[in-house]
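Working notes, beginning with the structure itself.
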Amino acid sequence: MTFKPARLLLALLAVVAMPVFAQNIAVVNGKAIPSSRAEAVVKQVVAQGQQPDSPQLREMIKKDLIAREVLMQEAVKKGFDKDATVKQQLENARQAIVINALVRDYLTKNPVKDADIQAEYDRFKAQAGDKEYHVRHILTSTEAEAKDVIAKLKAGAKFEDLAKTSKDQGTAANGGDLDWATPSSFPKEFSAAFTALQKGQVTETPVQTPNGFHVIKLDDVRTAKLPSLEEVKPQIAEGLQQKKLQAYQEEMVKKAKIQ
(Lines give C-alpha, C1' and ligand atoms only; values in the text may rest on other atoms or scores of the structure.)
Protein backbone atom coordinates (compact mmCIF):
# COMPACT_ATOMS: atom_id res chain seq x y z
CA MET A 1 0.00 0.00 0.00
CA THR A 2 1.33 3.46 -0.89
CA PHE A 3 1.38 5.95 1.95
CA LYS A 4 -0.22 9.11 0.55
CA PRO A 5 1.41 12.47 1.47
CA ALA A 6 -1.98 13.99 2.36
CA ARG A 7 -2.64 11.27 4.91
CA LEU A 8 0.86 11.67 6.31
CA LEU A 9 0.19 15.39 6.70
CA LEU A 10 -2.99 14.65 8.68
CA ALA A 11 -1.06 12.30 10.92
CA LEU A 12 1.59 14.92 11.48
CA LEU A 13 -0.97 17.60 12.33
CA ALA A 14 -2.47 15.27 14.92
CA VAL A 15 0.78 15.11 16.86
CA VAL A 16 2.09 18.68 16.67
CA ALA A 17 1.74 19.06 20.42
CA MET A 18 3.74 15.94 21.37
CA PRO A 19 6.45 16.52 24.02
CA VAL A 20 10.12 16.69 23.04
CA PHE A 21 12.46 13.91 24.21
CA ALA A 22 16.24 13.77 24.20
CA GLN A 23 16.48 11.12 21.49
CA ASN A 24 16.19 12.57 17.98
CA ILE A 25 15.77 11.07 14.54
CA ALA A 26 17.73 13.94 12.97
CA VAL A 27 19.08 17.44 13.55
CA VAL A 28 18.37 19.89 10.72
CA ASN A 29 20.46 23.06 10.74
CA GLY A 30 20.81 22.71 14.48
CA LYS A 31 17.06 22.03 15.05
CA ALA A 32 16.30 18.59 16.51
CA ILE A 33 13.43 16.39 15.32
CA PRO A 34 12.47 14.21 18.31
CA SER A 35 11.99 10.50 17.78
CA SER A 36 8.79 10.76 19.81
CA ARG A 37 7.21 12.70 16.94
CA ALA A 38 8.08 9.98 14.47
CA GLU A 39 6.81 7.28 16.83
CA ALA A 40 3.51 9.10 17.21
CA VAL A 41 3.08 9.31 13.43
CA VAL A 42 3.89 5.59 13.07
CA LYS A 43 1.28 4.70 15.67
CA GLN A 44 -1.30 6.89 13.99
CA VAL A 45 -0.67 5.42 10.55
CA VAL A 46 -0.81 1.84 11.84
CA ALA A 47 -3.92 2.52 13.94
CA GLN A 48 -5.72 3.89 10.88
CA GLY A 49 -4.92 0.70 9.00
CA GLN A 50 -3.08 2.51 6.21
CA GLN A 51 -0.13 0.11 6.40
CA PRO A 52 1.71 -1.98 9.00
CA ASP A 53 4.72 -0.83 10.97
CA SER A 54 7.89 -1.57 9.00
CA PRO A 55 11.41 -0.21 8.46
CA GLN A 56 10.24 1.15 5.11
CA LEU A 57 7.38 3.07 6.72
CA ARG A 58 9.66 4.46 9.41
CA GLU A 59 12.21 5.57 6.85
CA MET A 60 9.49 7.26 4.78
CA ILE A 61 8.20 9.10 7.83
CA LYS A 62 11.71 10.13 8.81
CA LYS A 63 12.39 11.57 5.35
CA ASP A 64 9.09 13.41 5.36
CA LEU A 65 9.71 14.91 8.81
CA ILE A 66 13.16 16.09 7.70
CA ALA A 67 11.73 17.60 4.51
CA ARG A 68 9.02 19.35 6.49
CA GLU A 69 11.57 20.77 8.93
CA VAL A 70 13.66 22.10 6.03
CA LEU A 71 10.58 23.74 4.51
CA MET A 72 9.50 25.11 7.87
CA GLN A 73 12.87 26.73 8.46
CA GLU A 74 12.77 28.28 5.01
CA ALA A 75 9.24 29.58 5.58
CA VAL A 76 10.26 31.14 8.89
CA LYS A 77 13.35 32.67 7.27
CA LYS A 78 11.07 34.34 4.72
CA GLY A 79 8.78 35.61 7.47
CA PHE A 80 5.66 33.60 6.66
CA ASP A 81 5.20 32.74 10.32
CA LYS A 82 4.58 36.45 10.95
CA ASP A 83 2.10 36.85 8.08
CA ALA A 84 -1.31 37.98 9.42
CA THR A 85 -3.25 35.39 7.42
CA VAL A 86 -0.92 32.58 8.46
CA LYS A 87 -1.09 33.65 12.12
CA GLN A 88 -4.90 33.59 11.96
CA GLN A 89 -4.83 30.12 10.40
CA LEU A 90 -2.45 28.94 13.11
CA GLU A 91 -4.77 30.30 15.78
CA ASN A 92 -7.73 28.54 14.18
CA ALA A 93 -5.77 25.29 14.07
CA ARG A 94 -4.68 25.74 17.69
CA GLN A 95 -8.28 26.27 18.76
CA ALA A 96 -9.42 23.19 16.85
CA ILE A 97 -6.74 20.99 18.42
CA VAL A 98 -7.42 22.22 21.97
CA ILE A 99 -11.21 21.99 21.56
CA ASN A 100 -10.91 18.46 20.14
CA ALA A 101 -8.93 17.49 23.24
CA LEU A 102 -11.72 18.91 25.42
CA VAL A 103 -14.36 17.03 23.42
CA ARG A 104 -12.48 13.73 23.69
CA ASP A 105 -12.12 14.20 27.42
CA TYR A 106 -15.81 15.08 27.85
CA LEU A 107 -17.02 12.09 25.81
CA THR A 108 -14.68 9.76 27.67
CA LYS A 109 -16.05 10.92 31.00
CA ASN A 110 -19.64 11.10 29.75
CA PRO A 111 -20.08 8.10 27.45
CA VAL A 112 -23.35 7.22 25.75
CA LYS A 113 -24.82 4.29 27.68
CA ASP A 114 -26.39 1.21 26.11
CA ALA A 115 -29.60 1.99 28.00
CA ASP A 116 -29.73 5.41 26.34
CA ILE A 117 -29.23 3.83 22.91
CA GLN A 118 -32.00 1.31 23.60
CA ALA A 119 -34.37 4.07 24.73
CA GLU A 120 -33.63 6.12 21.61
CA TYR A 121 -34.21 3.07 19.42
CA ASP A 122 -37.53 2.39 21.15
CA ARG A 123 -38.58 6.00 20.53
CA PHE A 124 -37.60 5.63 16.89
CA LYS A 125 -39.72 2.47 16.55
CA ALA A 126 -42.69 4.10 18.27
CA GLN A 127 -42.46 7.15 16.02
CA ALA A 128 -42.02 5.12 12.84
CA GLY A 129 -44.93 2.82 13.66
CA ASP A 130 -45.33 -0.83 12.76
CA LYS A 131 -46.71 -0.28 9.25
CA GLU A 132 -45.37 0.95 5.93
CA TYR A 133 -47.58 2.52 3.29
CA HIS A 134 -47.21 2.55 -0.49
CA VAL A 135 -48.52 5.97 -1.47
CA ARG A 136 -49.01 8.01 -4.62
CA HIS A 137 -49.81 11.71 -4.84
CA ILE A 138 -50.56 14.52 -7.24
CA LEU A 139 -49.34 17.94 -6.15
CA THR A 140 -51.10 21.10 -7.29
CA SER A 141 -50.61 24.81 -6.63
CA THR A 142 -54.17 25.58 -5.61
CA GLU A 143 -57.04 23.88 -3.83
CA ALA A 144 -59.24 24.39 -6.89
CA GLU A 145 -56.77 22.47 -9.06
CA ALA A 146 -56.68 19.63 -6.54
CA LYS A 147 -60.49 19.48 -6.44
CA ASP A 148 -60.53 19.33 -10.23
CA VAL A 149 -58.16 16.33 -10.11
CA ILE A 150 -60.44 14.59 -7.60
CA ALA A 151 -63.47 15.24 -9.83
CA LYS A 152 -61.68 13.75 -12.84
CA LEU A 153 -60.73 10.66 -10.80
CA LYS A 154 -64.36 10.18 -9.77
CA ALA A 155 -65.33 10.48 -13.43
CA GLY A 156 -63.07 7.56 -14.29
CA ALA A 157 -59.67 9.10 -15.07
CA LYS A 158 -56.59 7.06 -14.12
CA PHE A 159 -54.53 8.38 -11.22
CA GLU A 160 -51.26 7.57 -13.01
CA ASP A 161 -52.31 9.59 -16.06
CA LEU A 162 -53.32 12.66 -14.04
CA ALA A 163 -50.08 12.40 -12.04
CA LYS A 164 -48.19 13.50 -15.15
CA THR A 165 -49.48 17.04 -14.46
CA SER A 166 -48.21 16.99 -10.84
CA LYS A 167 -45.99 19.83 -9.65
CA ASP A 168 -43.76 17.16 -8.08
CA GLN A 169 -41.54 16.55 -11.07
CA GLY A 170 -39.69 13.82 -9.24
CA THR A 171 -42.76 11.56 -9.19
CA ALA A 172 -44.88 12.88 -12.06
CA ALA A 173 -43.34 10.52 -14.60
CA ASN A 174 -43.94 7.39 -12.50
CA GLY A 175 -47.57 7.93 -11.59
CA GLY A 176 -46.91 10.00 -8.47
CA ASP A 177 -45.28 6.99 -6.76
CA LEU A 178 -43.72 7.82 -3.37
CA ASP A 179 -42.70 4.20 -2.76
CA TRP A 180 -42.95 2.44 0.61
CA ALA A 181 -42.49 4.61 3.68
CA THR A 182 -43.61 5.03 7.28
CA PRO A 183 -46.00 7.86 8.27
CA SER A 184 -43.18 9.64 10.13
CA SER A 185 -41.47 10.24 6.77
CA PHE A 186 -44.15 12.75 5.75
CA PRO A 187 -45.69 15.95 7.13
CA LYS A 188 -48.38 15.21 9.73
CA GLU A 189 -51.23 16.45 7.56
CA PHE A 190 -50.08 14.24 4.71
CA SER A 191 -49.60 11.07 6.77
CA ALA A 192 -52.87 11.60 8.66
CA ALA A 193 -54.70 11.63 5.33
CA PHE A 194 -53.30 8.43 3.85
CA THR A 195 -53.37 6.40 7.08
CA ALA A 196 -57.14 6.97 7.14
CA LEU A 197 -57.55 5.44 3.67
CA GLN A 198 -58.27 1.87 2.66
CA LYS A 199 -56.22 0.17 -0.07
CA GLY A 200 -57.02 1.70 -3.43
CA GLN A 201 -58.79 4.74 -2.00
CA VAL A 202 -58.07 8.36 -2.86
CA THR A 203 -58.52 11.36 -0.56
CA GLU A 204 -61.95 12.95 -0.97
CA THR A 205 -60.64 16.44 -0.27
CA PRO A 206 -57.31 18.16 -1.03
CA VAL A 207 -54.61 17.83 1.60
CA GLN A 208 -52.64 21.01 2.21
CA THR A 209 -48.95 21.05 3.21
CA PRO A 210 -46.28 23.76 2.86
CA ASN A 211 -45.58 22.36 -0.63
CA GLY A 212 -49.11 22.89 -1.94
CA PHE A 213 -52.30 20.82 -2.25
CA HIS A 214 -52.14 17.04 -2.59
CA VAL A 215 -54.46 14.36 -3.90
CA ILE A 216 -53.30 11.12 -2.28
CA LYS A 217 -53.87 7.49 -3.22
CA LEU A 218 -53.06 4.53 -0.96
CA ASP A 219 -51.84 1.54 -2.98
CA ASP A 220 -50.98 -0.90 -0.21
CA VAL A 221 -50.03 -1.46 3.44
CA ARG A 222 -47.54 -3.90 4.97
CA THR A 223 -45.73 -4.62 8.21
CA ALA A 224 -42.85 -2.19 8.58
CA LYS A 225 -39.36 -3.53 7.92
CA LEU A 226 -37.44 -1.53 10.49
CA PRO A 227 -33.67 -1.95 10.95
CA SER A 228 -32.53 -3.88 14.01
CA LEU A 229 -30.89 -2.16 16.96
CA GLU A 230 -27.49 -3.55 15.99
CA GLU A 231 -27.83 -2.14 12.47
CA VAL A 232 -28.47 1.41 13.64
CA LYS A 233 -26.59 1.39 16.95
CA PRO A 234 -23.54 3.32 15.63
CA GLN A 235 -25.75 6.05 14.13
CA ILE A 236 -27.83 6.33 17.30
CA ALA A 237 -24.71 6.50 19.47
CA GLU A 238 -23.23 9.24 17.27
CA GLY A 239 -26.48 11.20 17.38
CA LEU A 240 -26.65 10.98 21.17
CA GLN A 241 -23.02 12.07 21.41
CA GLN A 242 -23.81 15.13 19.32
CA LYS A 243 -26.74 15.95 21.60
CA LYS A 244 -24.50 15.65 24.65
CA LEU A 245 -21.90 17.93 23.09
CA GLN A 246 -24.56 20.45 22.04
CA ALA A 247 -25.97 20.56 25.56
CA TYR A 248 -22.47 20.89 27.03
CA GLN A 249 -21.65 23.75 24.67
CA GLU A 250 -24.89 25.56 25.45
CA GLU A 251 -24.22 25.16 29.17
CA MET A 252 -20.74 26.66 28.80
CA VAL A 253 -22.08 29.57 26.74
CA LYS A 254 -24.71 30.33 29.38
CA LYS A 255 -22.07 30.42 32.09
CA ALA A 256 -19.75 32.64 30.08
CA LYS A 257 -19.63 36.41 30.56
CA ILE A 258 -20.32 37.73 27.09
CA GLN A 259 -20.27 41.48 26.40
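The values are calculated or read from the model by the stated rules, or taken from the named source; none is laboratory data. Remember, predicted model here, so these are calculated numbers, not experimental data. Note that each Cβ is placed from the backbone with ideal geometry, even for glycine, and that neighbours are counted across all protein chains shown. Ligands, DNA and RNA are stripped out before the accessible areas are found, and what is left, the full protein with its side chains, is counted by its heavy atoms. Shrake-Rupley method; radii C 1.70, N 1.55, O 1.52, S 1.80 Å.
Structural remarks
- Considering the stretch 191-241, and only residues there that are polar (S, T, N, Q) and within 16 Å of ALA119 (Cα to Cα), the residue that is most open to solvent (accessible area, probe 1.4 Å) turns out to be GLN235.
- Of residues in the stretch 22-45 being farther than 21 Å from ILE97 by Cα and surrounded by fewer than 15 Cβ atoms within 10 Å (Cβ to Cβ), the one modelled with the lowest pLDDT: ALA22
- All positions within the stretch 134-144 that are of a type outside the set (S, T, N, Q) and in contact (Cβ under 8 Å) with a residue 12 or more places away in the chain: HIS134, VAL135, ARG136, HIS137, ILE138, LEU139, GLU143
Per-residue answers, yes or no, for (1) open to solvent by less than 50 Å² (accessible area, probe 1.4 Å); (2) in contact with a Leu (Cβ under 8 Å, 6 or more places away or on another chain); (3) assigned to a helix (DSSP H, G or I); (4) among the small types (Gly, Ala, Ser):
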{"position": "GLN95", "(1), (2), (3), (4)": "no, no, yes, no"}
{"position": "VAL103", "(1), (2), (3), (4)": "yes, yes, yes, no"}
{"position": "TYR106", "(1), (2), (3), (4)": "yes, yes, yes, no"}
{"position": "VAL112", "(1), (2), (3), (4)": "yes, yes, no, no"}
{"position": "ALA115", "(1), (2), (3), (4)": "no, no, yes, yes"}
{"position": "ALA119", "(1), (2), (3), (4)": "yes, no, yes, yes"}
{"position": "ASP122", "(1), (2), (3), (4)": "no, no, yes, no"}
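- Set side by side, the residues GLY49, GLY79 differ, and just one is loosely packed, with under 10 Cβ neighbours inside 10 Å, more than 30 Å from GLU250 (Cβ to Cβ) and at pLDDT 95 or above, which is GLY79.
- Boolean, THR182 is under 30 Å from ALA247 (Cβ atoms), touching a residue at least 40 places away in the same chain (Cβ under 8 Å), surrounded by 12 or more Cβ atoms within 10 Å (Cβ to Cβ) and touching a strand residue (DSSP E or B) at 6+ places or on another chain (Cβ under 8 Å): yes
- The stretch 118-131 residues that are on the phi > 0 side of the Ramachandran plot, paired with ones that are open to solvent by less than 50 Å² (accessible area, probe 1.4 Å) and assigned to a helix (DSSP H, G or I) (beta carbon under 7 Å, 6 or more apart): GLY129/PRO183
- Selected residue (only one of LYS147, LYS188 is closer than 30 Å to ARG123 by Cα, open to solvent by 80 Å² or more (accessible area, probe 1.4 Å), free of Cβ contacts under 8 Å to residues at least 60 places away in the same chain and of a type in the set (Lys, Arg)): LYS188
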